[in-house]
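One structure is given below, encoded as structure tokens.
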Amino acid sequence: MKVPFLNLKATYTELQPELDAAYAQVMDHGWYILGEQVSTFECEFAEYCTANHAIGVGSGLDALYLVLKAWGIGPGDEVIVPANTFIATWLAVSYTGATPVGVEPDELTYNISISEIENKITKHTKAIIPVHLYGQPADMDAINNIAKSYQLKVLEDAAQAHGARYYGKRTGSLGDAAAFSFYPGKNLGAYGDGGMVVTSDHALAEQIRLLRNYGSHEKYVHSKIGVNSRLDELHAAQLRVKLKVLNLWNQRRSEMAEMYTQLIENRGLIVPYVPDWADPAWHLYVVRTKQRAELTVQLDNAGIGWQIHYPIPAHLQDAYRDLKGKKGDFPLTEQLSSEILSLPIGPHLTSEEKTHLVRFFEP
């Protein structure tokens, strides 16, 4: 049988009556941009994250960029980013004209290495963007302490961490601001692109609301050079439905992660390490092996989906040739990119699909 890496259609099938009703409500209302669905979802998501504000934007990348722009970060500035992350984290910095400065990951968690951050801080550094990679929180207390010592801002890249907890506190409330993505494959995904800035900083929230809407609070009156980056009413209405089941769906992911770990930790694969203080959202279940090519062939033969997150590190992408990045700059990041592999962990795996996975991985 076939086991898809992720079954996005099933997210609709499970909630079809509620999602259809949300769609009909928006269509009947006739207001499609920055209406009551967006404002209500913003309140609900802020409360979920235990923050004061949530501001819906066009994508997770936009959420990162708009926060940096609101902080006045630009040409001549530097922002600390993980080397081991999706390129969007780097791109957000580049959009402002600032320079992304990569930091190697911790070999156990794959998140940004705390011990390496201070080595990359210069007089030009203005912020740190820790990524809660694969849905596992970064060590935010340590990062915040470093940031405080150097008077730096902290922007959580929580694009993969909807509902994850750090010492019991949800991501989105752990730094000066946070950026979420609602890309369809996320734990809380729309049926298109979308994003959210979350913060308890009232002044920052007002700046983001201004910047996302052409720099305008009043039609045809523009006080800032803004952009067009607004979460759609339809997406917000359907995300409100999905938010109600996010914890349930995350629990399903957690149970699947536990099953994987019990099955495969003695098969020569390195399974995810979870610190005592972390409660991951399990956006991805990532194993590590030097025999990745052989494993992918076995998975293909068994009809089991897989993906690699991420095969080419940001510093080796053509987009960053101007930074003079070269092979060997981030050896651990490069090693991980050649050894990691993501297994199916979506919340809609059927009992038959789970049985098939058990049979494949059991000793």
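The values are calculated or read from the model by the stated rules, or taken from the named source; none is laboratory data. In this text the structure is predicted, and so the values were computed from the model without any measurement. Every residue, glycine as well, gets a Cβ built from its backbone with ideal geometry; the counts of neighbours run over all protein chains shown. Surface accessibility is based on the protein's heavy atoms, side chains included, excluding ligands, DNA and RNA. Shrake-Rupley method; radii C 1.70, N 1.55, O 1.52, S 1.80 Å.
If we scan segment 303-320, do we find a residue that is more than 25 Å from the chain's Cα centre (by Cα) and surrounded by fewer than 17 Cβ atoms within 10 Å (Cβ to Cβ)? So far as segment 303-320 goes, yes, one or more of its residues are more than 25 Å from the chain's Cα centre (by Cα) and surrounded by fewer than 17 Cβ atoms within 10 Å (Cβ to Cβ). When residues in segment 72-95 are screened for being more than 19 Å from the chain's Cα centre (by Cα) and either without any contact (Cβ under 8 Å) to a residue 12 or more places away in the chain or open to solvent by less than 20 Å² (accessible area, probe 1.4 Å) (or both), 3 of them pass.
Exactly one condition in (1) open to solvent by 20 Å² or more (accessible area, probe 1.4 Å); (2) assigned to a strand (DSSP E or B) is not met by ASP62; state its number. All conditions pass for ASP62, except number (2). Residue pairs whose Cβ atoms lie under 7 Å apart, separated by 6 or more positions or on different chains, with the first residue in segment 313-329 and under 19 Å from ILE112 (Cβ atoms) and the second of a type in the set (Asp, Glu), are PRO313/GLU334; HIS315/ASP329.
If THR261 satisfies all but one of (1) touching a strand residue (DSSP E or B) at 6+ places or on another chain (Cβ under 9 Å); (2) surrounded by fewer than 19 Cβ atoms within 10 Å (Cβ to Cβ); (3) in contact (Cβ under 8 Å) with a residue 24 or more places away in the chain, what's the number of the condition it fails? Just one mismatch for THR261, condition (3).
Open to solvent by 20 Å² or more (accessible area, probe 1.4 Å) and in a helix (DSSP H, G or I): which single residue out of ASP276, ASP329, ASP300 fits that description?
Numbers: ASP276 fails: in a helix (DSSP H, G or I); ASP329 fails: in a helix (DSSP H, G or I).
Result of the check over ASP276, ASP329, ASP300: ASP300.
Is it true that some residue in segment 236-243 is modelled with pLDDT under 95 and assigned to a helix (DSSP H, G or I)? Checked segment 236-243: no residue is modelled with pLDDT under 95 and assigned to a helix (DSSP H, G or I). Within segment 194-219, residues that are closer than 17 Å to SER39 by Cβ reach partners that are polar (S, T, N, Q) with beta carbons closer than 6 Å, at six or more positions or on different chains, in the pairs GLY195/SER59; GLY195/SER181; ALA205/THR199; ARG212/SER229.
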